[in-house]
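Everything below concerns the one structure shown next.
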Amino acid sequence: MTFPTFTSTELDPRARGKELGTHRRAAIIANFAGYTDLFAVAGATAAQVRAWGERALDRTAAWAPHLAEEIAGIAAGAGLEPWQVAVVNARTEILAAINATGEGECSTSVVLPGPRTVQTWDWHDHLRDAPMLWELEPRPGHVVRTFTEAGALAKIGVNTAGLGIHFNILRHESDSGDIGVPVHLIARRILDEAATVEEAAAVARSAEVSASTVITAVTSDDAGSIEISPAGVAIIPPEPGGVLQHCNHFLDPALAEGERHATDRPSTYDRLRHLRDHVEELSLGDHTARARAMLGHGPDAAPVCAHPDLTQPINQRWETVATIALDPPAGRLLAHQGGPCQVTEATWQIF
């Protein structure tokens, strides 16, 4: 099993978006419909979702007009309205506005130098068909490769400047329904523009956000977890030995005072302990060995590898949809469809 891939040929943002929207039309429409269902179950009305999408589009146009153009192009190609594609890109912000809660989510490990990285990407199982791998050239000679969702401009990825990013959601008491710049678009601008951790952090600091996340930027010899929230931005450096690990709670002491996951998603602490207990295996050069070190199933162990409880509503079901390793010096990522319990040498998709 592999994720669908698409390579853009257009340099103009709107043309690039329309090309993607045309080729991935069915998947983008399905992804929007899946999020519409998720938001409805979580308590949002259709009118609220549209208003939030329009607000996200306005904030994007003010912060990064070219990305708003790309969103409009995707909508034109897919036969949707721009606000509908903006909803897909702002799904983190909308979930924060709804004040969504529940267990699940991602775990990331980076060990320098190398780097040696791996993360699990957990999401709602009814959206398991949304991911894709996308290669684009935001400017001549600079290539971005990202694992993302159909219609979303980026998520996890690498660029040919030698920078990669991992991506984990956070929740903070300062999160609000006053929709800000979507964090997925911060990830995209980092991939488009940054070659260093410091440059990635500068992009994050330039955006006014309404929802929290952590983007772990990594190069061959440097890394930093960029914790982003409406209350501010903090950079978590590697520990001695070059180890940097993150799950779904803030590590910066000041931001951690407003932490929301402590009660909403307590398994994040168990998962981080699991990563710290397996640093030796997560430091190995072999990406399959690193992925297997992430293996942990609840309820008896930290649920790093998630499987959905089908008795729960869709907003309370999580699945490890992908396991991903980054190779920034080579400008490539390696993706496995599913969780660490299914990884073999043959299941990696090199992109």
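Computed from backbone phi with θ = phi - 60° and the Karplus coefficients 6.51, -1.76 and 1.60, the 3J(HN,Hα) list for region 230-236 is x, 7, x, 10, 10, 10, 9 Hz; x is used for glycine and proline.
Residues of region 221-279: accessible area per residue at 1.4 Å, in Å²? Spelled out: the 1.4 Å probe surface of region 221-279, per residue, equals 41 Å².
Note that region 2-143 presents 36 Å² accessible area per residue, ligands and nucleic acids not counted, probe 1.4 Å. Annotation: amide H of residue 332 within the under-5 Å range of 327, sequence separation 5 or more or interchain, hydrogens built in the peptide plane. Along the axis of the charge dipole computed for region 21-175 (Cβ charges of +1 for Lys and Arg, -1 for Asp and Glu, origin at the Cα centre), the listed residues 62, 39, 73 are led at the positive end by 73. Please report the carbon-and-sulfur percent of the accessible area for region 234-333; probe 1.4 Å, protein heavy atoms only, DNA, RNA and ligands left out. Whole-percent figure for carbon plus sulfur exposure: 53. Of the residues 154, 26, 234, the one that moves most in a GNM of the chain with alpha-carbon contacts below 10 Å is 26.
Using a 1.4 Å probe on the protein chains only, how many percent of the accessible area of region 1-116 belongs to carbon and sulfur?
55 percent
Decide, for region 167-211, between rounded, prolate and oblate: order the square roots of the alpha carbon gyration tensor eigenvalues as a ≥ b ≥ c, take rounded if a/c falls under 1.5, and otherwise choose prolate if a/b is larger than b/c, else oblate. Because a/c hits 1.5 or more and a/b exceeds b/c, region 167-211 counts as prolate. Amide H to amide H distances under 5 Å link residue 180 with 210, 211, where only residues 5 or more positions off or on other chains count and H is placed in the peptide plane. Computed over the chain with a Gaussian network model linking Cα atoms closer than 10 Å, the most mobile of 56, 100, 306 is 100. Subtracting the Cα-Cα distance of residue 54 and residue 347 from 0.36 nm times their residue separation leaves 101.5 nm of extension gain.
With a/c under 1.5 counting as rounded, go ahead and sort region 198-327 into rounded, prolate or oblate using the C-alpha gyration tensor (a ≥ b ≥ c being the square roots of the eigenvalues; past the cut-off, prolate if a/b is larger than b/c, else oblate). Verdict is oblate for region 198-327.
Take each complete run of DSSP H in the chain, measure how far its Cα atoms stretch along the helix's own axis, and keep only those covering 18 Å or more with mean Kyte-Doolittle hydropathy at least 1.0; list them.
Within the chain the helices that satisfy the rule are 25-42.
Calculated mean residue ellipticity at 222 nm for the chain: -10500 deg cm²/dmol, from DSSP H runs with n ≥ 4 weighted as -39500 (n - 2.57), summed, divided by the residue count and rounded to 500. Each residue of region 157-164 is assigned a 3J(HN,Hα), and the resulting list reads x, 9, 10, 7, 8, x, 10, x Hz, derived from the Karplus form 6.51 cos²θ - 1.76 cosθ + 1.60 (θ = phi - 60°), x at Gly and Pro. With θ taken as phi - 60° and the Karplus curve 6.51 cos²θ - 1.76 cosθ + 1.60 applied, the whole-hertz 3J(HN,Hα) list for region 240-255 is x, x, x, 8, 9, 10, 8, 10, 10, 9, 5, 9, 5, x, 5, 5 Hz, x standing for glycine and proline. In the set (1) -0.73, -1.01; (2) -0.41, -0.93; (3) -0.58, -1.11, the label that goes with log10 I(q)/I(0) by the Debye sum over Cα atoms at q = 0.09, 0.13 Å⁻¹ computed for this structure is (2).
Which of the three applies to region 19-178, rounded, prolate or oblate, going by the alpha-carbon gyration tensor with a ≥ b ≥ c and a/c under 1.5 meaning rounded? Note, shape of region 19-178 comes out oblate. Legend: calculated FRET efficiency, residue 235 to residue 310, from the Cβ-Cβ distance at R0 = 45 Å, rounded to 0.05, equals 0.70.
Computed over the alpha-carbon atoms, region 64-147 gives an Rg to Rh ratio of 1.02, Rh here being the Kirkwood radius from the mean inverse distance.
The values are calculated or read from the model by the stated rules, or taken from the named source; none is laboratory data. No experiment lies behind these values; they were computed from the predicted model shown. Please note: Cβ atoms are built from the backbone with ideal geometry, for glycine as well, and neighbour counts cover all protein chains shown. Note: accessible area is taken over every heavy atom of the protein model, side chains too, but ligands, DNA and RNA are not part of it. Shrake-Rupley method; radii C 1.70, N 1.55, O 1.52, S 1.80 Å.
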